[in-house]
Amino acid sequence: SQTIHQWPATLVQPVGSPLSLECTVEGTSNPNLYWYRQAAGRGLQLLFYSVGIGQISSEVPQNLSASRPQDRQFILSSKKLLLSDSGFYLCAWSVGLAEPNEQFFGPGTRLTVL
Amino acid sequence: DAKTTQPNSMESNEEEPVHLPCNHSTISGTDYIHWYRQLPSQGPEYVIHGLTSNVNNRMASLAIAEDRKSSTLILHRATLRDAAVYYCPRGGGSQGNLIFGKGTKLSVKP
């Protein structure tokens, strides 16, 4: 069966520090991978998606970047965190591009920037 | 790039049915209708999807309007564990993207 892992589960970082969040998927090949952010009291905002190794699409301009060094690994990074980067970061995967394209979400990383 | 629209919150009593509405007036003919829910401090989980016909699964039922501009997620007997934020994200993105709004926060009272 397929599983998705995210770490760390929680993170407290000072403003201006770097960030690296990791997501890995097991039990499937060539998944589509997604990074979402959920700010407090807000809905889910799609940040990045990837349909293959080295292929990254950004949905919104921001302080963050994403990379996919391996087929089932998706990394979210920042060189210098801002207060506004605080939130709940969710990784998700799906198979194929055609609808309905059910997405499976990880447990999330709660990031607090102080 | 219109999102779907849902009420911000709803309340239900335990053991009673719950009807959660979603308007998707700009949906295209080939877009599926999706529902996800997010329990507190967890990632969202898939609930159900449909295209034109009503759908049933072990979690819920999905009633789709004839013009497909709205849908209703039906929980037949709400339990305390159904308290969550329910989303009906818009699909149809070029890379299989789902576009989530703020969802409906469902509270279930014992």
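Just so you know, all these numbers are worked out from the coordinates, no wet-lab data involved. Quick caveat, the model's predicted, so the values are computed rather than measured. Glycine also receives a Cβ, built like all others from the backbone with ideal geometry; neighbour counts cover every protein chain displayed.
Of everything in the stretch B:16-45, what is crowded, with 17+ Cβ neighbours inside 10 Å and without any contact (Cβ under 8 Å) to a residue 40 or more places away in the chain? Give them in sequence order. The answer is B:GLY43, and nothing else. Only one entry in B:ARG37, B:ARG58 is charged (D, E, K, R), in contact with a helix residue (DSSP H, G or I) (Cβ under 9 Å, 6 or more places away or on another chain) and within 18 Å of B:HIS76 (Cα to Cα), namely B:ARG37.
When you scan the stretch A:49-67, do you find a residue that is farther than 30 Å from B:LEU51 by Cα, loosely packed, with under 14 Cβ neighbours inside 10 Å and small (Gly, Ala, Ser), even just one? Among the residues of the stretch A:49-67, at least one is farther than 30 Å from B:LEU51 by Cα, loosely packed, with under 14 Cβ neighbours inside 10 Å and small (Gly, Ala, Ser), which makes the answer yes.
Checked against the criterion of being crowded, with 17+ Cβ neighbours inside 10 Å and more than 14 Å from chain A (Cβ to nearest Cβ), the candidates B:LEU80, B:LEU73 yield just one match: B:LEU73. Condition (residue is in contact with a Pro (Cβ under 7 Å, 6 or more places away or on another chain), part of a strand (DSSP E or B) and either among the hydroxyl-bearing types (Ser, Thr, Tyr) or surrounded by 20 or more Cβ atoms within 10 Å (Cβ to Cβ) (or both)) applied to the stretch A:25-39: is it met by at least one residue? Yes: one or more hits. Within the stretch B:34-47, is even one residue more than 23 Å from A:THR3 (Cα to Cα), out of contact with any Lys or Arg (no Cβ under 8 Å at 6 or more places or on another chain) and part of a strand (DSSP E or B)? No, there is no match, as no residue in the stretch B:34-47 is more than 23 Å from A:THR3 (Cα to Cα), out of contact with any Lys or Arg (no Cβ under 8 Å at 6 or more places or on another chain) and part of a strand (DSSP E or B). You will find that of A:LEU114, A:LEU76, A:LEU81, the residue that is surrounded by fewer than 20 Cβ atoms within 10 Å (Cβ to Cβ), more than 10 Å from chain B (Cβ to nearest Cβ) and of a type in the set (A, V, I, L, M, F, W, C) is A:LEU114 and no other. Consider B:ARG90 carefully, then state whether it is in contact with a helix residue (DSSP H, G or I) (Cβ under 9 Å, 6 or more places away or on another chain), within 14 Å of another protein chain (Cβ to nearest Cβ) and either of a type in the set (S, T, N, Q) or closer than 15 Å to A:GLY43 by Cβ (or both). Criteria not met by B:ARG90.
Whenever a residue of the stretch B:72-92 is in contact (Cβ under 8 Å) with a residue 24 or more places away in the chain and assigned to a strand (DSSP E or B), its partners that are aromatic (Phe, Trp, Tyr) and surrounded by 17 or more Cβ atoms within 10 Å (Cβ to Cβ), lying with C-beta atoms within less than 8 angstrom and at least six residues away or across chains, give the pairs B:LEU73/B:TRP35; B:LEU73/B:TYR86; B:TYR86/B:TRP35; B:TYR86/B:TYR36; B:TYR87/B:TRP35; B:TYR87/B:TYR36; B:TYR87/B:PHE100.
In the stretch A:91-104, the residues that are more than 7 Å from chain B (Cβ to nearest Cβ) and in contact (Cβ under 8 Å) with a residue 24 or more places away in the chain reach residues that are in a strand (DSSP E or B) and polar (S, T, N, Q) with C-beta atoms within less than 6 angstrom, at least six apart or across chains, in these pairs: A:CYS91/A:GLN6.
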